[in-house]
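Before any comments, here is the structure.
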Amino acid sequence: MTAQLNAATLSQSFEAERLYVPNFDLEDMKELRVSVVPREVQFLPMDRTLSRYHGKIDIAVQKKFTDGDNSEIDPLVGLVEEIADVFRLKRLDSLVAARCIEVENSVLYSTEHWEQLRQFTSLLTMTFELAK
């Protein structure tokens, strides 16, 4: 996912990172950060010999803001939508058997990060299905 995201042509440039535990200092957040973090895997029966796997992966978009006005935040919200479009109902380039079946923007923006850190944080959760 990280490579596919980094290869995409989007409105803002960044280098997405695959991490298990995203942990940044506030100083690191002056630049746009995009983190790809595995979340969970469900193992579901499909038939007697096959299983269906639902893998959930979080993508966090984060950046410290100056004023927090619409002109500063709107491009970040737009970027989150663009990232969702990269994967929505598509297959992964590196694992074509895996198809994105659901995209959730469970945290449109974190009010806690907004108020306490003056930072935009949005969280996308993608669910990929794979049968094997």
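The values are calculated or read from the model by the stated rules, or taken from the named source; none is laboratory data. No experiment lies behind these values; they were computed from the predicted model shown. Cβ atoms come from the backbone with ideal geometry, glycine included; neighbour counts cover every protein chain shown.
At a glance:
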{"read-out": "Condition met for F120 (touching a Phe, Trp or Tyr at 6+ places or on another chain (Cβ under 8 Å), at pLDDT below 95, assigned to a strand (DSSP E or B) and of a type outside the set (K, R))", "value": "no"}
{"read-out": "Every residue from the stretch 1-24 that is exposed (fewer than 11 other Cβ atoms within 10 Å of the Cβ) and not in a helix (DSSP H, G or I)", "value": "T9, S11, S13, Y20, V21, N23"}
{"read-out": "Meets criteria (surrounded by fewer than 14 Cβ atoms within 10 Å (Cβ to Cβ) and closer than 14 Å to I59 by Cβ) for L92", "value": "no"}
{"read-out": "Residues that are in contact with a helix residue (DSSP H, G or I) (Cβ under 8 Å, 6 or more places away or on another chain) and on the phi > 0 side of the Ramachandran plot, drawn from the stretch 49-98", "value": "G68"}
{"read-out": "Hits in the stretch 64-110 (condition: closer than 21 Å to E129 by Cα, touching a residue at least 24 places away in the same chain (Cβ under 8 Å) and assigned to a loop (DSSP other than H, G, I, E, B))", "value": "L92, D93, S94, L95, A97, A98"}
